[in-house]
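A short write-up of the structure that comes next.
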Amino acid sequence: MPISPKWKTLRKMCATKIFSSQQLDSTQILRLRKLKELVVYLQENCRKGKPIDIGEVAFTISLNSISNTLFSIDLASFTCSSQKFRHIISSMLIDSSKPNIADYYPILRKIDPQGVRRRMRSHYQKLLTLFESIVEDRTNGKEDSTMERSDVLDSFLEIIQKENPELTLHDVLHLFLDLFVAGIDTTSATIEWAMAELLQNPEKLKKTRNELQQVINKDEEPKDSDINKLPYLQAVVKETLRLHPTAPILVRKSGSEADLCGFRVPKDTLVLVNVWSMGRDSSIWTDPNLFLPERFLESGEEFIGEDFGFIPFGAGRRMCSGVPFAHRVVHTMLATLLYHFDWKLADGEKIEDMDMTEKFGTTLHKVKPLMVIPVEE
């Protein structure tokens, strides 16, 4: 959406009604409940010695974290697979990243020779239909009236009805769709890459777990307020995002004509920013291909987009508005996985044989899913 009054309204609503500290604090108990369910599920697999797909588990937790924040409901469970949602979202991201001949020859757009628009319309409609049914149940009072809620949907419905009549339900539904597509897949991919890098670097894994054991009290769970006490865990997440940015290519449009390193960039030019390459640039980073969380302990780089050598969430007015949510979910989920369990690779796989091949697309995934076995100490 171009920068406009409606864009500003939606952006403000995200900042105040979804990603503000107050709102995230009020929904923390729901996210902690999901993490406790994760621990129980992992304990069962630990007793059985059963390997788990870290990416799928992280996707389920990410999905339920955002669905509870928005709607106060779960949309998946470990017994009822989240593969359906994962397939829809991954299919959308795959189709959106494929070259489309109709983009080069606009006369072909109505024909849609590769069927990209048809598939995307189908994917979007499945999610929109789900959101419409949730809104309908809420407005018709079909949900459990005894359940206490502190979610985004009630706030948005109230705004539509009273405060902001020019904002329609159509706008809100599509905003929810953007949040699901942008937030779930990227969060789960970051967790999977972080676990993969730590398993491949046992000394870093041990250091991270030692920090968690020292900071978090026995019989307690990692929570949002612990994050600031865990500098090494934060450095692990930053280093993961440097090496494996979940959005490896940022797409922007120039708002005005500009001169860039001697090149003239006309207004409305589509600009592709290679975040993946920036994270591995030897002129910016020492030993750029090594996993060294310690570099962030020294530099103190943050996600706020001021240093253009490290912009995993973008920068400027178009910077990802969901950073506060992602920051909490990624750190507490990773902390939960590492605080309660040690980990070993499945099927006797050795560290040196780990496949760290990246699958490029709108989001950056491992080609081979990370299969690991939780081990209780």
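A short reminder: the numbers here are calculations on the coordinates, not readings from a lab. Worth saying up front: this structure is predicted, and the values here are computed from it rather than measured. No Cβ is skipped: glycine too gets one built from the backbone with ideal geometry, and neighbour counts run over all protein chains shown.
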FRET efficiency for Ile284 and Gln213 from the Cβ-Cβ distance with R0 = 41 Å, rounded to 0.05, comes out at 0.75
Considering Cα pairs under 8 angstrom that are at least six residues apart, work out the relative contact order of the stretch 5-375 and quote it in whole percent. 23 percent
Compute the semi-axes of the equivalent ellipsoid of the stretch 212-282, taking the square root of 5 times each eigenvalue of the Cα gyration tensor, and list them largest first in whole Å. 41, 13, 10
With the crude spin-label approximation of a point 7 Å out along Cα→Cβ, what separation in nm comes out for Asn274 versus Thr139? 4.8 nm
Here, trypsin sites (Lys or Arg not before Pro) of the stretch 185-270 satisfying both criteria (DSSP loop; at most 11 other Cβ within 10 Å) are Lys218, Lys267
For the stretch 1-61, which trypsin sites (Lys or Arg not before Pro) pass both filters: DSSP loop (anything but H, G, I, E, B) and at most 10 other C-beta atoms within 10 Å? none
Mind checking the full-extension length gain between Arg121 and Leu157? Use 0.36 nm per residue of separation minus the Cα-Cα distance, one decimal, nm. 10.4 nm
Report ³J(HN,Hα) in whole Hz for each residue of the stretch 102-109, in order, from the Karplus equation J = 6.51 cos²θ - 1.76 cosθ + 1.60 where θ = phi - 60°; Gly and Pro get x. 5, 6, 9, 10, x, 4, 8, 4
Cubic angstrom per residue, convex hull over Cα atoms of the stretch 5-375: 168 Å³
Label-point gap, in nm, between Arg11 and Asp25 - each point 7 angstrom along Cα→Cβ: 2.6 nm
Beyond 22 Å between alpha-carbons counts as too far, so tell me which of Lys50/Lys238; Lys206/Lys344; Lys84/Lys366; Lys84/Lys359 fall in that bin. Lys50/Lys238
What is the distance, in nm, between label points placed 7 Å from the Cα along the Cα-to-Cβ direction at Ile3 and at Phe263? 2.2 nm
Count neighbours as other Cβ atoms within 10 Å of each site's Cβ, and list the chymotrypsin sites (Phe, Trp or Tyr not before Pro) in the stretch 291-366 that are DSSP loop with at most 16 such neighbours. Phe308, Phe360
Can you sort Met354, Met333, Met1 so the residue with the fewest Cβ neighbours within 10 Å comes first? Met1, Met354, Met333
Kirkwood Rh for the stretch 260-364 from C-alpha pairs, in Å, is 17.4 Å
Residue separation times 0.36 nm, minus the C-alpha to C-alpha distance between Glu376 and Ile351: what's the value? 7.0 nm
